[in-house]
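J.: I am attaching a structure below and will ask some questions about it afterwards.
The values are calculated or read from the model by the stated rules, or taken from the named source; none is laboratory data. Just so you know, these numbers come straight off a predicted model, no measurement behind them. Note: ideal-geometry Cβ built from the backbone for every residue, glycine included; neighbour counts use all protein chains shown. We work out accessible area using only protein heavy atoms, side chains counted, and drop any ligands, DNA or RNA first. Shrake-Rupley method; radii C 1.70, N 1.55, O 1.52, S 1.80 Å.
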Amino acid sequence: MIHDRLHAGKLLAEKLSSIIKGKNCLVLAIPRGGVIVGDEIARRLNLPLDVIISKKITPPDYPEYAVGAITYDGVLYYGHEWERYANDPRFEAEINKKKTEVTRQIEAYRGNTNYNFDDNTIILVDDGIATGATVCAILQWLLQKQVKEIILAIPVIPFVTQEIIKQFGIQIIALEAPIDFSSVGQFYRKFDQIPDQIVNSILEKYKSK
């Protein structure tokens, strides 16, 4: 069991320390829980921290069921059920709505949607992954930006999702990769909701660096 997100960040930092030696790294965290994990990694390894978001695309009548995901600039990840719903006339509205939401959230957290990764190795962090749709959209986005190296640092990822993400050709550092999985929270002793105020206060620390 992982105690909480700070504990997860500490354990991931220990795993990453030898892997990233000599590399120009940036921790790119997915809010909200990923920012807590990412902050701990960045603090322990003396790295900068930034945030990125994508949103699940869900069918009109199934708001909990992700068939894909989208980034603020329209990079889409298509899940295996995408074609089943793509011709629904309401589907385009869902895509546009989620794209707008992502843009609004990113601007609220960081002020703009301007990213410049130069020669950074990106350490992509969340507090856990279930289906992986949102992470896959972000990985596609990073690859389109020609990031030279991506490391996914994740406390919990189901084995089957890990196999899907391996197709992106990136390095995955995980604490838990269970075959039996029902939710990310089952692998934490403490898995509270994170308010925006905490995320914003963490990000403020890195803006002045």
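J.: Give me the one-decimal nm value for the distance between modelled label points at His80 and Asn112, 7 Å along each residue's Cα-to-Cβ direction.
T.: Output for this residue pair reads 4.2 nm.
J.: Here's another thing I want to ask about it. For the chain, which whole-number percentage of the solvent-accessible area (1.4 Å probe, protein heavy atoms only) is attributable to carbon and sulfur atoms?
T.: 46
J.: Calculate, axis by axis, the spread of Cα positions in the chain along the three principal axes, and write the results as whole Å, longest axis first.
T.: 49, 39, 33
J.: Give the accessible surface of the chain per residue, rounded to a whole number of Å², with probe radius 1.4 Å and ligands, DNA and RNA excluded.
T.: Solvent-accessible surface per residue comes out at 50 Å².
J.: Hey, got the Cα dimensions of region 60-115 along the principal axes, in Å, largest first?
T.: Principal extents (Cα only, largest first): 36, 18, 18 Å.
J.: Can I ask one more? Among Val37, Gln105, Gly185, flag the residue with its Cα farthest along the positive direction of the charge dipole of the chain, charges on Cβ as +1 for Lys/Arg and -1 for Asp/Glu.
T.: Val37
J.: Let me ask something additional. Please compute, for the alpha-carbon atoms of region 93-209, the extent along each of the three principal axes and give them in descending order in Å.
T.: Here the Cα extents, ordered largest to smallest, are 40, 38, 34 Å.
J.: Run the simple label-point estimate for Ile173 and His3 please: 7 Å along Cα→C-beta, distance reported in nm.
T.: So the two model labels end up 2.0 nm from each other.
J.: So for each of 40-49, 5-14, 188-197, 56-65 I average, over its residues, the number of other beta carbons within 10 Å; can you give me the resulting order with the highest mean first?
T.: In descending order of packing, they fall as 5-14, 40-49, 56-65, 188-197.
J.: Quote the Stokes-Einstein diffusion coefficient, in whole µm² s⁻¹, for region 120-171, based on the Kirkwood radius over alpha carbon pairs, a temperature of 20 °C and a viscosity of 1.002 mPa s. Write down the numbers at each step before the final one.
T.: On the way: Rh = 11.1 Å.
Reported coefficient: 193 µm²/s.
J.: Once you place label points 7 Å from the Cα toward the Cβ at Ser182 and Glu14, how far apart are they in nm?
T.: The answer from the label model is 2.9 nm.
J.: Answer with one residue from Tyr72, Thr121, Ile172: the one whose Cα lies farthest towards the positive end of the charge dipole of the chain, charges on Cβ with Lys, Arg +1 and Asp, Glu -1.
T.: My answer, from the dipole projection, is Thr121.
J.: Would you mind pulling out the separation of the Cα centroids of region 148-194 and region 41-70, in Å?
T.: Measuring centre to centre over Cα atoms gives 13 Å.
J.: Can you tell me which of 27-38, 108-119, 134-145 comes out highest on packing, and rank the rest after it, using the mean Cβ neighbours within 10 Å?
T.: Output ranking for 27-38, 108-119, 134-145: 27-38, 134-145, 108-119.
J.: If you don't mind, there's one more thing I want to ask. State to the nearest 20 debye the size of the charge dipole of region 39-153 about its Cα centre, where the only charges are +1 on K and R beta carbons and -1 on D and E beta carbons. Working shown, then result.
T.: Details: 13 positive and 18 negative charges, 32 e Å.
Value, rounded to 20: 160 debye.
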